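K.L.:
Okay, here's the structure, questions in a sec.
The values are calculated or read from the model by the stated rules, or taken from the named source; none is laboratory data. Predicted model only: the values in this text are computed from it and were never measured. For neighbour counting, all protein chains shown are included, and Cβ atoms are generated from backbone atoms with ideal geometry for every residue, glycine included.
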Amino acid sequence: MALAYGYDWLPQEQYYGVGNSSSHDSLSDYATQDESVRGKFLWGWGRDSAAAPARVVFSAWGGPRSQVMRTGRDANQMSYDVRFPALGSATLDRRVEHLIYGASLSSDWRSGHPHWSRGGRVAIWAERYDVPIEGLALHTSQSAGQFTRYSFETEMGASFMRDPRTLRLKLRLSDVDAGKDGGQMLPLDMSRLGGRDGLAGYAPGRFHDLDLMVARLMYVFPLARLVEADLHTEWGAVYSDVWNGRPAEHAQEFCSASACAAAATAPPWRVGRRLQSGWSASQLHLWRGAMRDATIILALLASLASTASLAAGPTASPDTSTKAPAEHPYSYAYDILDNDLVRPVTRMLDVAWIARKISAHPREAANVDDRDQVRLPSTWWQPRIGFRAVTPEQMLAGPGPGTGPAPGRWEVSHSKDQGVTPGFQVKDSKGNKFLIKFDAPGFPDLATSAEVIGSRVFWAAGYNVPDDAITYFRAEDLDIAADATYTDAHGHKYPMTEAYLQQLLSRVERQSDGRYRCNASLYLEGKPLGPFEYRGRRHDDPEDRIPHELRRELRGLWTVCAWVNHADSRGPNSLDMWVTEDGRSFVRHHLIDFNAILGAGAIGPRAYPTGSEYYVDFGVMSGEVASLGLRSFAWEPSADPHMPSVGFIEAKTFDPGRWRPDYPNPAFDERTERDIRWGARIVAGFTDAHIQALVDAAHYSDPRAAEYVVRTLIERRDKLVRRWLGPGVTPPVIAGR
Amino acid sequence: MKSMLIRSWSVAVLMVLAAGARADPAPVGDPPRPGPTPASQDSGASASFDSLAATSGVPWNPPHAMSPRRAWEQVVLLPGRVVSLPFTGLGAVTRHSLLYLENRGRVPIAPQPPRTKGPPMVGFQMLGLGDRTGPGRRGGTPLATIDGHHAHAGVLGMRRPPTCTTAPN
């Protein structure tokens with residue numbers, strides 16, 4: 001139940017006269033002041049869940065409304081009282097009131113994801129504009145014409161294919177019973193078409209009359225992972241009496257196309273605006289809004305492109321000082337914007353890159369010897385599996401003991417302030433600091449298992465990673481440090497309280513015995529310098545003389561990432577540390593954050609398109625536009641294991657030739673076949689025993705999940721090795737053991 | 001005739017560039033063969049190669065910092081760089097602006113902390129921009145919560161320019 005007071009001042013409403021045949025040349029404008037008080041009662045039932053909206057809703061409302069028409073305020077248009085003198089003399093500056101009351105009933109059984117693709121909805125409502133009651137009148141009891149509006153609206157949809165391509169039909173009908181009192185109906189109370197009222201290709205308020213009928217046929221189809229498009233056509237008309245009108249002769253037609261972001265997954269960002277272009281009455285009109293949007297986007301792309309090209313430009317002589325480099329500020333949003341939107345476009349303008357493509361002479365990795373192997377030593381990579389014997393036990397020990405925090409109480413010192421999963425920092429009873437991360441509610445083991453498997457895989461593959469372990473604790477085992485803080489959404493720090501900690505724990509998965517399962521990641525030694533980028537160099541590090549996109553270790557990392565579906569392999573998931581060892585201080589480069597590999601997204605399962613297309617994949621989008629969405633996506637034949645602790649990963653549709661991360665990675669983009677084969681040799685070094693040991697270390701509570709992950713990793717490894725090292729080669733032979 | 005000349009000129013340029021690419025003295029060698037090829041160990045390296053632990057040795061590096069582009073690539077890309085120079089500042093501003101917003105929580109990069117306080121007494125938010133509506137603001141304040149039902153008072157206002165989206169008919 002609600003009571004609302006409203007006041008609207010609309011200074012420049014458009015009016016062309018009454019009927020479908022009103023001339024565009026008769027454009028005029030008017031202003032209105034509209035004041036109302038409305039009481040509303042709403043009752044709904046048929047909810048799918050307590051939090052879901054009601055499927056069937058009944059509402060009733062009533063209250064006075066006062067309205068007065070004024071001269072239009074647009075200096076460039078003729079006011080309505082001049083263009084239509086009869087209407088002007090009857091309405092200008094005359095305040096009128098109505099007592100408005102009505103009721104509606106709607107039923108909504110639509111469903112589907114990412115857009116509604118099945119079912120439909122029906123709504124009917126009636127609204128009476130009656131003589132005002134003197135005691136309730138806002139200003140005057142002078143009434144305009146009384147009338148009753150009956151409206152009916154229905155919309156149905158049906159879809160086909162796995163990623164739904166949906167056809168929708170919408171019909172809206174409005175019938176006004178004007179009665180016989182002969183009072184003047186104000187333009188704002190008439191049925192209108194144009195703009196958002198229907199027939200969007202026409203100006204708002206383009207057609208006015210008592211009744212209207214408008215139909216809309218829409219085809220919604222996906223273009224890529226986060227983008228979908230709709231093509232629609234509208235057909236409609238206004239009538240003095242819809243039941244006696246002849247719609248075929250009066251109907252106006254409008255067609256348009258639009259594209260908008262879909263919420264198929266939880267995206268890190270959304271395209272905020274809908275771009276549209278359309279044509280009406282068979283005449284093409286490119287909307288000014290679309291033109292403006294396109295101009296802004298192109299200008300932005302161009303500006304960012306220049307930054308990107310300069311970032312990859314000539315490098316300065318290295319600084320030979322031995323002091324610690326400064327911390328590298330890294331923008332997460334810019335990384336996505338640059339790599340997923342700007343760089344793919346500007347690459348098409350890169351003459352040198354085009355020339356290399358045409359001549360089939362890509363630039364090979366710069367830090368390899370004449371046997372095509374990485375020159376050592378390297379602060380990025382150390383030869384392990386694929387190059388020397390690494391037992392499963394050595395792999396499980398990884399970079400540290402792999403045992404997690406020492407037994408005893410933990411002291412919480414700060415909340416986790418990066419990434420999308422909740423967590424906090426703790427100090428164990430021995431004084432070691434760990435970052436604690438959890439599984440999302442409803443997805444037990446998913447993220448924590450992925451993290452532990454990932455850290456072991458990438459350590460065994462030769463990369464520097466933190467020491468991760470699965471750990472369990474109870475809320476009673478936590479103490480809050482005296483100086484513990486958390487950071488709010490606006491970057492402000494506050495003292496951490498018990499209430500804060502309890503609320504944080506209420507948002508993570510909890511075991512049936514009351515314990516919390518978490519991943520404990522031992523803090524890396526040294527001073528953090530921020531993430532590294534997958535291109536360019538750190539100019540204040542004298543030992544960083546090779547552009548990162550030319551490094552074999554980073555290019556060949558693609559192969560390992562493809563194997564374990566590390567689609568989150570990007571700059572922000574890396575960390576440079578300034579370490580001092582053996583009397584030498586230097587920058588060591590680490591990969592971090594593996595909780596979004598295998599079938600895990602950071603806060604739930606991976607989306608089906610993971611690995612087969614970027615967030616915004618221009619190549620895939622082009623194909624979908626050309627085929628109007630009828631071309632099947634590469635992932636559509638895949639089978640979801642439907643296991644919450646596994647998420648979505650499978651081997652059937654895994655294509656080892658064209659696996660892709662969430663968005664383009666500059667070093668991966670420069671990879672050549674040699675880089676891939678170098679990485680394939682590492683992947684081939686993981687035996688079935690290694691894979692079984694990896695999954696055992698993840699402590700899946702569901703044995704079916706463990707078995708599925710082992711089988712999937714083996715199948716993906718075999719596909720990848722056969723693709724890049726030859727069909728007749730089995731992995732253990734390649735590994736050279 | 002003119003278009004043919006332009007096309008021929010374009011092809012010639014691409015041929016020259018392709019020749020440059022072929023002349024690229026990138027370090028190449030035989031493709032890796034299946035088998036236990038050892039990783040490269042340059043002279044002067046640390047003694048930690050046999051260890052599985054990360055090395056602390058001085059890393060191999062070329063004598064001078066490398067450019068990501070060969071000389072011929074830099075030459076052919078120079079005009080584009082000059083032309084795009086005016087946009088460089090805007091790109092840098094975008095990068096720093098996003099970083100600034102992230103550091104102040106305006107662009108979320110971290111998990112939202114659980115709310116331990118009630119909603120603000122008076123809040124304002126931007127209104128959605130619909131057809132024919134300009135930017136607006138909505139403000140409001142909660143009045144009371146009785147048995148789980150909230151009472152709220154608010155005001156909204158927005159500019160409504162007359163024709164911001166449509167083409168003439």
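K.L.:
Just to verify a result, which residue in region A:690-730, among those that are within 11 Å of chain B (Cβ to nearest Cβ), within 22 Å of A:VAL390 (Cβ to Cβ) and surrounded by fewer than 21 Cβ atoms within 10 Å (Cβ to Cβ), is modelled with the lowest pLDDT?
P.N.:
Selected residue: A:THR730.
K.L.:
Out of (1) touching a Phe, Trp or Tyr at 6+ places or on another chain (Cβ under 8 Å); (2) surrounded by fewer than 15 Cβ atoms within 10 Å (Cβ to Cβ), the odd one out for A:MET185 is which?
P.N.:
Failing condition for A:MET185: (2).
K.L.:
Continuing with this model, one more query. Go through (1) touching a Leu at 6+ places or on another chain (Cβ under 9 Å); (2) surrounded by fewer than 24 Cβ atoms within 10 Å (Cβ to Cβ) one by one and return the number of the condition A:GLY536 breaks.
P.N.:
Among (1) touching a Leu at 6+ places or on another chain (Cβ under 9 Å); (2) surrounded by fewer than 24 Cβ atoms within 10 Å (Cβ to Cβ), the lone unmet condition for A:GLY536 is (1).
K.L.:
Taking the conditions exactly as written (out of contact with any helix residue (DSSP H, G or I) (no Cβ under 9 Å at 6 or more places or on another chain), aliphatic (A, V, I, L, M) and outside any strand (DSSP E or B)), does A:ALA4 satisfy them or not?
P.N.:
No, not satisfied.
K.L.:
Now, a different point. Just to be sure I understand, how many residues within region A:108-130 are modelled with pLDDT under 90 and among the aliphatic types (A, V, I, L, M)?
P.N.:
Here the count works out to 0.
Conditions tested, residue by residue: (1) at pLDDT 90 or above; (2) assigned to a helix (DSSP H, G or I).
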position	(1), (2)
A:GLY408	no, no
A:GLY419	no, no
A:ILE453	yes, yes
A:ARG456	yes, yes
A:THR471	yes, no
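K.L.:
Can you confirm whether region A:658-671 contains a residue that is without any contact (Cβ under 8 Å) to a residue 60 or more places away in the chain, hydrophobic (A, V, I, L, M, F, W, C), at negative phi and not in a loop (DSSP other than H, G, I, E, B)?
P.N.:
no
K.L.:
Another question, then. Being more than 29 Å from the chain's Cα centre (by Cα), touching a residue at least 60 places away in the same chain (Cβ under 8 Å) and surrounded by 14 or more Cβ atoms within 10 Å (Cβ to Cβ) is the filter here, so list the residues in region A:480-515 that pass it.
P.N.:
Listed by number, the residues that qualify are A:ILE480, A:ALA481, A:ALA484, A:THR485, A:MET496.
K.L.:
Among the residues of region A:562-589, how many are charged (D, E, K, R) and without any contact (Cβ under 8 Å) to a residue 40 or more places away in the chain?
P.N.:
Result for region A:562-589: 3.
Each row is one residue, and each column tells you yes or no for (1) among the charged types (D, E, K, R); (2) under 23 Å from A:VAL176 (Cα atoms); (3) surrounded by 15 or more Cβ atoms within 10 Å (Cβ to Cβ).
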{"position": "A:ASP34", "(1), (2), (3)": "yes, yes, yes"}
{"position": "A:ARG55", "(1), (2), (3)": "yes, no, yes"}
{"position": "A:TRP61", "(1), (2), (3)": "no, yes, yes"}
{"position": "A:ALA86", "(1), (2), (3)": "no, yes, no"}
